[in-house]
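Before any comments, here is the structure.
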Amino acid sequence: MSQATESVFVGDDTTGFERVAAGVVGVGIVTFLLAAAGLLQFVALGQSVLGTPVYDLFGYGLVAMGVATAGLGIGTRAGVLSADPDDAAGILPGTIFGAIGFATGGLVASQTFGLGTPVWIAAALSLGGAVFALTVFPREDVGSTIPAASFLVFLGGVVLGDVIAVGWAWTTPALTGTFTAEVVLPLLTVMGSLIGVWSAAKAYGGFGPSGRQAGAFLLIGLSVFGILSVLVILVVFVFIKGLPTVLTGADLAQLEIPFIMNVSAGLYVTVPGVLPAILGTIWLVVGTVVIAVPIGVGAAVFLTEYAEQGRFTQVVELATNGLWSTPSVVFGLFGLAFLVPRLGNAPSLLAGQIVLSFMLLPLVIITSRESIKSVPDEYRDASAALGVSRWETIKSVVLPAAMPGIITGVILGVGRIAGETAPILLVMTRSVFPFGTPNVLSGFRFTTSPPFIANDALLQSASALPYQLYATITAGQSPRPELFTAREFGWGTAMILLVVVLGLYAIGVLSRIYFRRKLNA
Amino acid sequence: MLGTIGATIRENAPVDAGDAGHIWVVGGLSLALAFALFFVGSRFTVLPLAAFVVTVGYGWYAHQAGTAKGLTLLTTVFAVLILVLIVVFLVARSIPAFSYMGIDILTKTSKPFWNTSGEEVYSLVPMIVGTLTTTAIAMVFAAPLGVASALFISEIAPDWAREIVKPGVELMAGIPSIVYGFIGFAIINEFMYSEMRLPGFGSYIAVGLVIGIMALPTVVSVAEDALAAVPESMKSGSLAMGATDWQTMKNVTVPAAFSGVSAAVLLGVGRAIGETMAATVMLGHTKLIPDPLYDVFANGETLTSVIAFEYGNASGLHMSALFAAGVILFVTVLFLSIGSLLIERRMERKLGGKA
């Protein structure tokens with residue numbers, strides 16, 4: 001964006017108006033967080049925080065926001081406070097508030113007063129229409145604050161007046177679920193606080209275009225914050241739940257972690273572990289990379305260096321895109337139909353490697369093409385000017401320059417492949433808690449008849465980390481119930497899987513940053 | 001397509017007389033023979049394969065440039081060949097089910113829906129309804145949030161915030177689907193069972209929520225690319241006229257990138273449709289059509305979960321019905337991705353000033 005908007009020509013002191021608006025935003029955010037905590041059951045609704053029950057705090061927050069927002073709107077309209085409102089609030093806030101009015105009118109008429117269908121529809125339409133008119137026709141400062149404020153005060157009254165209190169529940173014959181207060185109250189509070197925060201942010205910006213910008217930016221920022229916090233909570237949760245299981249019987253001083261180092265079942269196993277799954281994942285990744293990377297890089301080289309941009313490249317691009325978007329379970333079905341009958345008619349590690357390499361191939365082709373394309377033409381021209389042939393140029397100039405991008409793409413693709421379950425479920429896995437680990441390196445031996453080289457480990461079923469997690473869930477039993485339940489074993493496996501996948505991703509991102517810095521240095 | 005492949009081979013084949021052309025012929029023939037033998041499951045596949053390796057080895061030593069060109073052409077053809085093979089094998093294995101059930105496989109709305117023994121019945125309607133419901137719920141969640149996040153990353157965020165949010169979204173994309181499924185199974189299903197008093201564990205809305213979280217990073221990354229591709233001159237012109245940043249975004253950037261953003265949403269839909277493991281571990285696997293249709297708390301089956309759940313015990317017609325579900329999945333996602341590719345190409349032409 002243009003730098004001109006970022007320089008400060010005129011600095012204003014923060015007016016009292018802005019302070020009140022910022023205060024409303026603050027109260028709204030606190031209420032939002034509290035309601036989110038209540039929804040996620042970090043706090044119980046009846047619990048007392050600072051002497052008052054939590055749901056009363058919701059009500060106080062909502063009422064405070066509503067009153068303050070109304071004050072801001074009325075004050076601006078009366079000319080007491082100065083702002084920059086437009087003539088009308090616009091259709092979008094009108095539609096939103098009108099819809100809320102419709103829903104509120106309909107629910108109140110049909111549930112609280114028990115009126116029949118035509119009556120509650122009429123009530124809903126009239127309330128919705130009235131709120132829409134109240135938003136759209138007056139000046140923007142009134143139109144965007146008063147409807148919001150009245151909704152907030154109404155909600156706060158519903159909560160504080162115990163209309164919806166602990167123990168309340170609502171069913172409708174159409175839906176199978178019951179709406180209980182524990183779910184409805186926090187959700188309503190979240191919605192109310194978002195509306196209140198939006199209106200207050202508009203007031204903070206002084207209404208008009210800059211006010212609308214403040215409101216929109218705040219909402220977008222809040223939603224991004226919400227998404228990221230969901231991610232953080234997820235990852236932290238898996239680690240907290242999984243760590244006790246992973247450290248069962250561990251002796252960190254001697255770097256002995258049985259959960260990682262033991263097989264899952266067997267007579268002599270004291271603490272069942274996920275070693276077969278870890279080794280299976282490692283061999284799966286190695287095989288996939290060995291098969292997919294040469295083919296993918298070769299195809300990318302041909303597409304960017306040799307082929308003319310025409311029908312053929314378009315067909316290949318279409319095919320690559322098709323492969324890239326194919327669901328993973330369809331790859332598993334293909335492996336089941338094509339590969340498994342020809343590789344011994346039983347699940348095998350080799351079949352899993354081939355299927356996953358088909359899944360990795362489009363990603364390698366796409367990233368390699370981009371890397372090779374981004375090698376500047378000057379390199380190729382300089383090489384040609386020195387009399388080097390086409391292939392020699394590709395081999396010693398273009399490919400080494402494109403290697404960093406290719407490596408990064410492969411690492412990130414491997415991170416995705418390592419977490420895939422559906423394809424290996426259909427072509428590779430068999431036992432839930434394996435006795436042993438795949439012995440690929442020592443398994444090679446020569447035979448007297450075709451195919452002259454055989455490897456038993458490659459043609460046997462194997463386990464992998466994602467499959468181990470899936471099997472633990474569906475089997476519902478633990479390999480050693482007295483040590484941990486099936487659920488706990490699952491958390492431990494999930495944590496190891498997350499560590500592996502996130503580790504691969506971190507390596508990929510770090511390598512991208514490293515190579516980018518080397519390029520720009 | 002064979003015509004274009006043939007034309008490309010003629011264009012690129014070595015014109016100099018000598019061994020390079022022979023290497024191409026020998027190598028190509030031996031590889032084709034190896035593939036044909038593998039196709040019929042013969043043990044002698046390794047012989048022409050060894051011949052191919054020897055030919056390539058000799059060619060690498062003697063005529064490296066020509067051999068390299070041939071190898072890269074082979075790999076490109078191979079990439080296309082895989083897709084063709086997938087289509088062929090999927091359709092071939094699904095034909096018994098399609099011919100047994102006729103059009104009922106897509107239209108039978110009366111019970112029984114799925115009977116794997118005795119009088120066999122295979123109707124995919126409950127699964128299609130399940131997939132549509134979960135995908136719709138997922139996109140209600142992922143599309144607005146995804147576009148908003150893409151706007152944030154490309155337009156609103158200061159540099160330090162972008163450095164945090166972008167890797168964060170990529171991290172979300174990296175978490176395996178089985179982990180999301182496990183969290184949904186252990187946490188969300190329990191929550192809905194106890195708090196919303198559902199009769200059993202699992203519901204379309206819970207699965208839709210989890211799939212929405214999984215489809216979100218796809219929407220964000222593609223939409224962010226589309227928004228970043230809008231020329232700087234358009235945004236600067238709008239700002240120069242006195243519009244605020246938000247007005248520029250709303251009225252200039254997003255409409256200009258509209259095709260790219262809709263391509264992003266389409267790709268997100270494709271991702272949501274193809275999601276397997278979360279649905280498999282969270283749903284109750286009963287074949288039903290929710291009554292009424294908008295009952296999002298119903299516990300049923302999706303196209304992907306039926307395949308993952310029943311492949312182990314399936315054989316004959318049952319297996320063929322699973323392949324039929326796979327064909328429907330594949331065709332739907334293929335159309336979505338080709339559609340979004342065409343939209344992106346159109347957008348490139350438009351923004352590049354050529355349309």
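The values are calculated or read from the model by the stated rules, or taken from the named source; none is laboratory data. Values in this document were obtained by computation on a predicted structure and should not be read as measured data. Note that each Cβ is placed from the backbone with ideal geometry, even for glycine, and that neighbours are counted across all protein chains shown.
None of A:LEU303, A:LEU356, A:LEU333 is buried (at least 24 other Cβ atoms within 10 Å of the Cβ), under 21 Å from A:ARG430 (Cα atoms) and within 8 Å of another protein chain (Cβ to nearest Cβ) except A:LEU333.
Residue by residue, here is whether (1) more than 24 Å from A:VAL499 (Cα to Cα); (2) modelled with pLDDT of 90 or more holds:
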{"site": "A:ALA181", "(1), (2)": "yes, no"}
{"site": "A:LEU187", "(1), (2)": "yes, no"}
{"site": "A:TYR204", "(1), (2)": "yes, no"}
{"site": "A:PHE207", "(1), (2)": "yes, no"}
{"site": "A:GLY211", "(1), (2)": "yes, no"}
{"site": "A:ILE220", "(1), (2)": "yes, yes"}
{"site": "A:GLY226", "(1), (2)": "no, yes"}
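In region B:231-256, how many are closer than 20 Å to B:LEU267 by Cα and either buried (at least 21 other Cβ atoms within 10 Å of the Cβ) or without any contact (Cβ under 8 Å) to a residue 24 or more places away in the chain (or both)? Qualifying residue count for the region: 1. Criterion applied to A:GLY249, A:GLY226, A:GLY273 was being closer than 25 Å to B:ILE187 by Cα, in contact with a helix residue (DSSP H, G or I) (Cβ under 9 Å, 6 or more places away or on another chain) and outside any helix (DSSP H, G or I), and the one residue passing it is A:GLY273. Against the numbered list (1) over 30 Å from A:VAL271 (Cβ atoms); (2) surrounded by fewer than 16 Cβ atoms within 10 Å (Cβ to Cβ); (3) away from chain B (no Cβ under 14 Å), A:ASN439 comes up short only at (1). Applying the condition of being outside any helix (DSSP H, G or I) and among the polar types (S, T, N, Q) to region A:306-330 and asking which residue is nearest to the other protein chains (Cβ to nearest Cβ) yields A:THR326. For region A:375-388, the criterion of being more than 10 Å from chain B (Cβ to nearest Cβ), surrounded by 18 or more Cβ atoms within 10 Å (Cβ to Cβ) and under 30 Å from B:ALA92 (Cβ atoms) is met by none of the residues. I'd like the residue in region A:479-495 that is over 18 Å from A:ILE278 (Cα atoms) and assigned to a loop (DSSP other than H, G, I, E, B) and, out of all such residues, is nearest to the other protein chains (Cβ to nearest Cβ). This residue is A:THR485. Among all positions in region B:164-186, there is at least one residue which is among the acidic types (Asp, Glu), closer than 29 Å to B:THR332 by Cα and in a helix (DSSP H, G or I). Quick check, is B:SER340 more than 10 Å from chain A (Cβ to nearest Cβ), among the hydroxyl-bearing types (Ser, Thr, Tyr) and part of a helix (DSSP H, G or I)? The answer is no for B:SER340. Exactly one residue among A:GLY71, A:GLY28 is over 19 Å from A:LEU188 (Cβ atoms), part of a helix (DSSP H, G or I) and modelled with pLDDT of 80 or more, and that residue is A:GLY71. Only helices (runs of 4 or more DSSP H) whose full extent lies in region B:218-326 are considered here, and the ones with at least 3 residues that are farther than 30 Å from A:LEU336 by Cα and facing chain A (nearest Cβ under 8 Å) are B:232-240, B:245-248. Pairs are defined by a Cβ separation below 7 Å, a sequence spacing of at least 6 or placement on different chains, a first member in region A:412-425 that is more than 7 Å from every other protein chain (Cβ to nearest Cβ), and a second member that is assigned to a loop (DSSP other than H, G, I, E, B); the pairs so defined are A:ILE424/A:ALA464.
Just one of the listed residues (A:PHE446, A:PHE433) is more than 10 Å from every other protein chain (Cβ to nearest Cβ) and free of Cβ contacts under 8 Å to residues at least 40 places away in the same chain, namely A:PHE446. The residue of region B:258-283 that is surrounded by the fewest Cβ atoms within 10 Å (Cβ to Cβ), among those that are out of contact with any Asp or Glu (no Cβ under 8 Å at 6 or more places or on another chain) and not hydrophobic (A, V, I, L, M, F, W, C), is B:SER262. When region A:209-224 is limited to residues that are more than 9 Å from chain B (Cβ to nearest Cβ) and surrounded by fewer than 24 Cβ atoms within 10 Å (Cβ to Cβ), the one that is nearest to A:LEU81 (Cα to Cα) turns out to be A:LEU218. Going by the conditions given, is B:PHE52 hydrophobic (A, V, I, L, M, F, W, C), in a helix (DSSP H, G or I) and crowded, with 19+ Cβ neighbours inside 10 Å? For B:PHE52, the condition - hydrophobic (A, V, I, L, M, F, W, C), in a helix (DSSP H, G or I) and crowded, with 19+ Cβ neighbours inside 10 Å - is met. The residue that is farthest from the chain's Cα centre (by Cα), counting only those in region A:336-352 that are facing chain B (nearest Cβ under 8 Å) and farther than 30 Å from B:THR8 by Cβ, is A:PRO341. Any residue at all in region B:122-141 that is surrounded by 23 or more Cβ atoms within 10 Å (Cβ to Cβ), touching a Ser or Thr at 6+ places or on another chain (Cβ under 7 Å), touching a residue at least 40 places away in the same chain (Cβ under 8 Å) and within 12 Å of chain A (Cβ to nearest Cβ)? Scanning region B:122-141, I find at least one residue that is surrounded by 23 or more Cβ atoms within 10 Å (Cβ to Cβ), touching a Ser or Thr at 6+ places or on another chain (Cβ under 7 Å), touching a residue at least 40 places away in the same chain (Cβ under 8 Å) and within 12 Å of chain A (Cβ to nearest Cβ), so the answer is yes. Remark: pairs (first residue in region A:131-159, buried (at least 24 other Cβ atoms within 10 Å of the Cβ); second residue charged (D, E, K, R) and in a helix (DSSP H, G or I); Cβ separation under 7 Å; 6+ apart in sequence or on different chains) = A:ASP141/A:ARG77; A:SER144/A:LYS202.
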